[in-house]
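*Asks:* Sharing a structure with you now.
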Amino acid sequence: MKFYSARTATTIIVANMVGAGIFMSLGDQLTDVPSVFPLLLLWLIGGISVLCGAMCYAELGGALPRSGGEYNFLGRIYHPAAGFISGWISATVGFAAPIAAVALTFGTYMKRSAPEMLGSYETAMAVGLVLLATMVHSANRSGSSLFQQTFTALKIIIVLIFCAVALALVKDPQPVHLLPQEGDISVIFSEGFAKGMIFVYFSYAGWNAATYIIGEMENPAKDLVKVLFTGTAFVTVLYLLVNYTLLKTTPIEAMMGKKEVLFISSTYVFDDLSSQIISFIVACLLISSVSAMTLAGPRAIQAIGEDYKIFAPLGVTTQNGLPMRAIMLQSTIAIVLILTASFKSILIFAGAMLALNSLLAVLGVIVLRIKQPDLERPYKVWLYPITPLIFIIFAAITIFFTVKDESFTAILGGILIVSGLALYYVSKRFEKPT
């Protein structure tokens, strides 16, 4: 069986992270954080937090090497039921919801690129992108890797070119202060600042994607920490650059509450035709994000199928070792979300559930150090226990304010967890997990 290289694993992380969040969430953040320094600080704190989380996942991945991400980690650290619920979350919203959000963003930017021609086909284009990614990643691993690396490279190059050109050509640059101004400190310690973190966590979602394909990497013990650190650090710098560019080129009032902030920014730098071209390019960039999540996410579903008899059909792979049935299930859920939910509701719900999953996994580093101090760990997280505690604190704050202000999201999350627990005990009646 041909394995994924460290390069492909890194592109999976980058492509998972650079998607709908960075291209769509700034407008919603500006409603609660209408100031440049606090906003950039929000993205920097988010980057540092997920970088700490990535280092913790590198330790877990080396100590507990198996594909499946949190399904594997939580099941072996806490209890098989915890792993099952985590896998259930990953299967239903962990990847399917971000896929739906990115696909909807793809449709929005495609509509902006040719409003007269594509104005009424936004949803159809979103569904079509999901179907395309499903076909590509159900075929063979070589084609999957090439597709992923090519579109991710194009995405990064084009984003960097846009930032450079926009900063060079902007006619009326906006004041961007990199030091706190009057009133910024009160904004930083406000509830709105904490609420803005949920958009940041959704935008950074995917930093852990490589742990979903550990069993399909060439040398996970050696490469995992490098892949997680490199991918997460690079995206953190890229996000800061993109947000700086948007804030420098576009008045805050023009973006506040809006979704297609990159299109709005381009109208202040280029003419209308150029803005439409840029919208088309942005839409193309999102293809690699849907591709990456379609590649990584089904591995958790596959692992459940391998461990539980009632879900055995989902663990079946093709002759090329690809979990086609798991891929098709995840894509089906994503399409249902596209057809039934809004972008913001998907973002908030998925962001909260992903933060909860990751918080429990990072907490597992501490638990595992206590329970199994002699367990072989090819890599140990730097500055333990400070590193995991940084991630845990910020993830907990994010979850708290999301639950506090989005009661419906909290109810949906509770239903999802309870239904996962019920399915776990139903599956045990057929056969105990291996």
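We did not get these values from a lab; they are worked out from the coordinates using the rules stated. Note that the structure is a prediction, hence the values are computed from the model and not measured. With ideal geometry, Cβ positions are generated from the backbone for all residues, glycine too; neighbour counts draw on all protein chains shown.
*Asks:* In the chain, if the dipole is taken from +1 on Lys/Arg beta carbons and -1 on Asp/Glu beta carbons about the Cα centre, which of V367, V200, L104 is farthest to the positive end?
*Replies:* V367
*Asks:* Then there is this: From Cα pairs below 8 angstrom and at least 6 apart in sequence, can you work out the relative contact order of region 298-413, rounded to a whole percent?
*Replies:* 19 percent.
*Asks:* What do you get for the angle between helix 324-340 and the principal long axis of the chain? Use alpha-carbon atoms, 0 to 90 degrees, nearest ten.
*Replies:* Helix 324-340 sits at roughly 40 degrees to that axis.
*Asks:* Next up: What do the square roots of 5 times the Cα gyration tensor eigenvalues come to for region 6-429, in whole Å, largest first, as semi-axes of the equivalent ellipsoid?
*Replies:* Whole-Å semi-axes of the equivalent ellipsoid: 33, 25, 20.
*Asks:* OK, next. Just to confirm the number: angle between the C-alpha axis of helix 36-63 and the first principal axis of the chain, 0 to 90 degrees, nearest 10?
*Replies:* 20 degrees
*Asks:* Rounded to the nearest 500, what is the chain's calculated 222 nm mean residue ellipticity when only DSSP H runs of at least 4 contribute -39500 (n - 2.57) each, over all residues?
*Replies:* Result for the chain, helices only: -24500 deg cm²/dmol.
*Asks:* Placing unit charges on C-beta atoms (Lys and Arg positive, Asp and Glu negative, everything else neutral), compute the dipole magnitude of the chain about its Cα centre in debye, rounded to 20.
*Replies:* For the chain, the charge dipole is close to 1160 debye.
*Asks:* Using a Förster distance of 45 angstrom, determine the FRET efficiency expected from the C-beta separation of F400 and A168, and round it to 0.05.
*Replies:* Approximately 0.60, to the nearest 0.05.
*Asks:* Which order results if V381, V426, V18 are arranged by neighbouring Cβ count within 10 Å, fewest first?
*Replies:* Going from sparsest to densest Cβ surroundings: V426, V381, V18.
*Asks:* Going by how many other beta carbons lie within 10 Å of each one, how would you line up S190, S279, S90, S342, fewest first?
*Replies:* Going from least to most buried by this count: S342, S190, S279, S90.
*Asks:* Quick check on region 321-434: take the gyration tensor over C-alpha atoms, sort the square-rooted eigenvalues as a ≥ b ≥ c, and tell me if it's rounded (a/c under 1.5), prolate or oblate.
*Replies:* Note, shape of region 321-434 comes out oblate.
*Asks:* Between S407 and I277, what FRET efficiency follows from the Cβ-Cβ distance if R0 is 56 Å, with the result rounded to 0.05?
*Replies:* 0.85
*Asks:* Where does helix 6-17 land angle-wise versus the long Cα axis of the chain, in degrees 0 to 90, nearest 10?
*Replies:* 60 degrees
*Asks:* Hey, another quick one. Take every Cα pair under 8 Å in the chain that's 6+ residues apart, average their separations, divide by the length, and report that relative contact order as a whole percent.
*Replies:* 35 percent
*Asks:* Give me W207, W88 sorted ascending by neighbouring Cβ count inside 10 Å, so fewest comes first.
*Replies:* The fewest-first ordering by Cβ neighbours comes to W88, W207.
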